[in-house]
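The values are calculated or read from the model by the stated rules, or taken from the named source; none is laboratory data. Small disclaimer: the values here were computed from a predicted structure and weren't measured. Glycine gets a Cβ as well: all are built from the backbone with ideal geometry, and neighbour counts include every protein chain shown.
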């Protein structure tokens with residue numbers, strides 16, 4: 001159960017969030033919890049989550065170890081702060097910042113190099129779904145952005161299916177639509193890495209997940225968790241999703 005805070009909260013607001021959130025999930029042993037704040041809040045989040053079963057992740061990761069890459073943050077820097085995860089290829093990175101399937105692969109490999117768990121995002125735009133190209137788009141994103149991993153590397157990642165038309169729009173894929181897409185992704189995994197890998201891979205759903213729809217989504221056997229945007233900014237809301 002992962003939360004993506006996007007470009008919200010200061011370090012002080014991060015500490016205040018965890019002060020309220022920690023007691024609400026203190027007994028939550030049924031799932032892995034990960035929160036991904038902005039880079040500027042990683043240190044505060046790691047400290048606030050210390051001693052608790054809450055992972056902290058970055059929202060992006062540079063593909064180089066170091067160098068002349070103004071504005072990028074490397075895996076070694078993220079790991080040095082105590083983070084454990086990194087989101088890779090989020091639809092907003094693809095839409096606004098030129099992320100491609102090829103750079104998604106490079107960033108995924110960089111996360112793995114520094115022992116960070118990559119949460120690799122795939123998903124189709126509204127016009128692609130309406131034109132019946134969802135399977136084609138997901139296959140291309142997988143083949144160009146994930147299939148280049150070795151079997152050992154692939155075993156260490158998480159995939160997040162996030163239909164772009166459902167990100168921040170209030171629209172949510174029905175549980176059946178989400179499950180269908182998850183099955184298509186899992187089929188790609190089985191074809192490339194084998195059936196055991198396809199059975200083992202965790203695929204999260206992301207797209208306007210809220211306390212009132214998480215239970216129906218999680219009732220689908222194909223859905224292994226969620227990647228939550230806006231609803232993860234409120235500690236009570238996100239805790240209710242975690243404790244669905």
Residue 126 at pLDDT below 95 and farther than 28 Å from residue 20 by Cα:
yes
Residue by residue through segment 53-72, note down the ones that are more than 15 Å from residue 108 (Cβ to Cβ) and either touching a strand residue (DSSP E or B) at 6+ places or on another chain (Cβ under 7 Å) or modelled with pLDDT under 95 (or both).
53, 54, 55, 56
Criterion (surrounded by fewer than 15 Cβ atoms within 10 Å (Cβ to Cβ) and farther than 15 Å from residue 124 by Cα) met by exactly one of 210, 215:
215
Candidates 178, 197 - the one that is touching a residue at least 40 places away in the same chain (Cβ under 8 Å), closer than 23 Å to residue 134 by Cα and buried (at least 19 other Cβ atoms within 10 Å of the Cβ):
178
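Yes or no, residue by residue, for (1) farther than 21 Å from residue 226 by Cα; (2) buried (at least 18 other Cβ atoms within 10 Å of the Cβ); (3) in contact with a strand residue (DSSP E or B) (Cβ under 7 Å, 6 or more places away or on another chain):
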{"residue": "119", "(1), (2), (3)": "no, yes, yes"}
{"residue": "126", "(1), (2), (3)": "no, no, no"}
{"residue": "131", "(1), (2), (3)": "yes, no, no"}
{"residue": "136", "(1), (2), (3)": "yes, no, no"}
{"residue": "142", "(1), (2), (3)": "no, yes, yes"}
{"residue": "152", "(1), (2), (3)": "yes, no, no"}
{"residue": "158", "(1), (2), (3)": "no, yes, yes"}
Given segment 168-244, what helices (runs of 4 or more DSSP H) lie entirely inside it while holding 3 or more residues that are closer than 22 Å to residue 59 by Cα, at pLDDT 95 or above and touching a strand residue (DSSP E or B) at 6+ places or on another chain (Cβ under 9 Å)?
235-242
Being at positive phi and either within 18 Å of the chain's Cα centre (by Cα) or buried (at least 17 other Cβ atoms within 10 Å of the Cβ) (or both) narrows it down to one of 148, 168, so name that one.
168
Identify all residues within segment 22-34 that are under 17 Å from residue 202 (Cα atoms) and touching a strand residue (DSSP E or B) at 6+ places or on another chain (Cβ under 8 Å); write none if there are none.
31, 32, 33, 34
